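Everything below concerns the one structure shown next.
Coordinate-derived values only; no laboratory data. The structure displayed is predicted, hence computed values, not measured ones.
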Amino acid sequence: MRVKIELYATLREKFKRKEIEVDAADLREALQTAAESLGSEFLEEIFDNDELRRDRIIIVNGEIIRDIERLSSLRNAERIAIFPPLVGG
């Protein structure tokens, strides 16, 4: 399936991309495929010991994903949004 990964805030600045489209069957594959273009540092921004980092917000079609295994498959044209920790005051 072709999916779009959207990067926000400091992730957008760090990787100099607003979005990237990849072919993937599930969320883990989508993130790993994106890392092929963005570099292995991208995976460090997303994963901690093979689990999704708790300080990241990952949304797939409006649903916040906390457990990568919970989302076993993706459909064509799904949108994955990734936010770094949000700060401000």
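I want the antiparallel fraction of DSSP beta bridges within the chain, as a percent rounded to 5. Before the final figure, lay out the partial values.
Numbers: 13 of 17 bridges.
So the antiparallel bridges amount to about 75 percent of the total.
Quick query: amide H of GLU19 versus all other amide H atoms, modeled in the peptide plane; which residues come in under 5 Å with a sequence gap of 5 or more or a different chain?
LEU7
Enumerate the amide H contacts of ARG53 below 5 Å, restricted to partners 5 or more residues apart or on another chain; note that Pro and chain-start residues carry no placed amide H.
Here the answer is PHE47, ASP48, since their amide H atoms fall under 5 Å of that of ARG53.
With runs of 4+ DSSP H residues as the only contributors, calculate the mean residue ellipticity of the chain at 222 nm using -39,500 (n - 2.57) per run, divided by the residue total and rounded to the nearest 500.
Mean residue ellipticity at 222 nm (helix-derived): -7500 deg cm²/dmol.
Report which label in [x] 39, 30, 21; [y] 37, 25, 25; [z] 29, 26, 23 holds the value of Cα extents along the principal axes in Å derived from the coordinates of this structure.
Checking each listed value against the structure points to [y].
With an 8 Å Cα cut-off and a minimum separation of 6 or more residues, compute the relative contact order for the stretch 2-83 in percent.
Relative contact order, the stretch 2-83: 41 percent.
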